[in-house]
Amino acid sequence: MLPAALLLLLTAAAAVASAAEVDPNGYVIYCPCMGRFGNQMEQHLGAFHFANVLGRTIVLPPMVGHEPGSTIAKMTAFEDVFQLAPIKKHFKSITLAEFQRDIAPKIWPKEQRKAFCWTPRTSSTAGDDETPSCRAKDGNPFGPFWDHIGVDEFADSVFYGRPTGGFNVGSAKEKEKWMTNYPASSFPVLAFTGAPSNFPSQQKHWHYQKHFRYSTRITSKAKSFIEDRLTRPFVGIHLRNDIDWNRVCEHVDPSRNLFASAQCLGEPPQDVMLSKEMCLPSRSTVLDQIVEVVGRSGAKSVFVSADKDHMIDEINGALSAYDVKAYRLDDNDPLVSLAILELADEFIGNCVSTFSSVVSRSRTFKWAKPKPSHFWGYKIPDTRPKIEL
Ligand code: GFB
């Protein structure tokens, strides 16, 4: 038996050895405060790029969840959703827990915590003499997010819009603006009230999706479902048909991209124009396309992911001639659904939805051989010369 004093010494030494070192290039932390999972993924792609270019360490942010009936967002640790190893291999990053334990106490004391936002945020209750502020903790999910990070209040606000022109750091000149205005020596932590990235994500950043691999818990649930319930080859489909989606599709303008529609139309949109049918496909479009893809690919089963109506009976009716059946997850877990969809042999998604775009990007970039993705109501234009008979 080791004497207690020696044991204590060894434990302390082990803790010191595993403590994260301070990065002299500084840190980026941000709230992915807009939208739900798909929207947040769009924000991560640009924000991770931003931190990479500045040479700063990314504090891996929790995913912000909105549960029905709750007015307080629920935070899920990044590492409960994604594996850390592939992320750490490609991005200088640190978990929030490590940042809070090892880094924040050394370089981010309360009186030096500055919130970064584009311009001051006004409030309806503010008087004329109120000091301009990011009001970083006002509202949900902002307040719950920074509470979770351990920030009771910010000591000051920094409005980066004018000095930097934004978070595009593609050119040396753009990067230089950030380096000179906000050097790590005086700004060790850039704490953004919203992600330092464009929304939706830019095509040039889509390849980063390959580093976001779902946690072992999510992946093993997905693989078990595929093994136990589905028969390969299988078609995975995403139906976005809850009531909130109707309102989004009212904004369809054929001449412009909407949300994630660059995933099928390109950036800027090419050839095909965005249509209401692509955003909110009719039941007959959904059934016809499933039958078409099943027939062409020889699929033996269909996995349906939906936020509201899975249409299982209708799909089974349409596929009765093929002896192919449709299946869904009993608990409708969105993350397990995404993991199944990215493993499907064929995928039909919603071109406008960022939930679908997580899948289509994963399918294109995650595997050695890209997997095909199709979209409701979208037909690739036939540019082959017509042969007159
Ligand atoms: O992921 P998301 O940002 O994509 O938000 P969109 C949609 C959310 O709806 C998902 C749920 O994160 C899920 O919580 N959801 C959607 C699903 N499809 C499915 C599904 O197939 N299965 C399950 N289980 N859940 C945008 C929002 O949605 O829609 C915007 O992010 C806004 O903030 C707009 O609300 C109306 O791009 O599809």
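Nothing in this text is a laboratory measurement; each read-out follows from the coordinates by a stated rule. Since the structure is predicted, the reported quantities are computational estimates derived from the model, not experimental observations.
Brief remarks on what is shown
- Entries of LYS88/LYS173; LYS300/LYS366; LYS177/LYS371; LYS106/LYS177 with Cα pairs more than 32 Å apart: LYS177/LYS371
- Averaging 1/r over every pair of different alpha carbons in segment 214-375 and inverting the result gives a Kirkwood radius of 16.0 Å.
- Cross-link partners for LYS276 among the lysines, with Cα-Cα distance under 23 Å and sequence neighbours closer than 8 places in the same chain left out: LYS308, LYS379.
- Global form of segment 151-236, assessed from the alpha-carbon gyration tensor, a/c cut-off 1.5: prolate
- Reachable aspartates and glutamates, given that their alpha-carbon falls under 18 Å from the alpha-carbon of LYS369 and they are not under 8 places away in the same chain: GLU342, ASP345, GLU346
- For segment 16-203, the convex hull spanned by the alpha carbon atoms encloses 136 Å³ per residue.
- Gyration tensor (alpha-carbon) shape descriptor, segment 296-348, a/c threshold 1.5: oblate
- Largest-first principal axis extents of the Cα set of segment 218-281 (Å): 44, 27, 19
- Over the residues of the chain, the helix contribution to mean residue ellipticity at 222 nm works out to -10500 deg cm²/dmol, using -39500 (n - 2.57) for each DSSP H run of at least 4.
- Anisotropy class of segment 279-389 from Cα gyration tensor, a/c 1.5 cut: oblate
- Aspartates and glutamates whose Cα lies under 17 Å from that of LYS110, excluding same-chain neighbours fewer than 8 positions away: ASP102, ASP147, ASP152, GLU153, ASP156
- At least 18 Å along the helix axis (C-alpha) and Kyte average at least 0.5, DSSP helices within the chain: 4-18
- Distance from the C-alpha centroid of segment 304-327 to that of segment 250-289: 23 Å, rounded to the whole angstrom.
- Computed over the chain, the Cα gyration tensor eigenvalues convert (square root of 5λ each) into semi-axes of 41, 27, 20 Å, ordered from largest to smallest.
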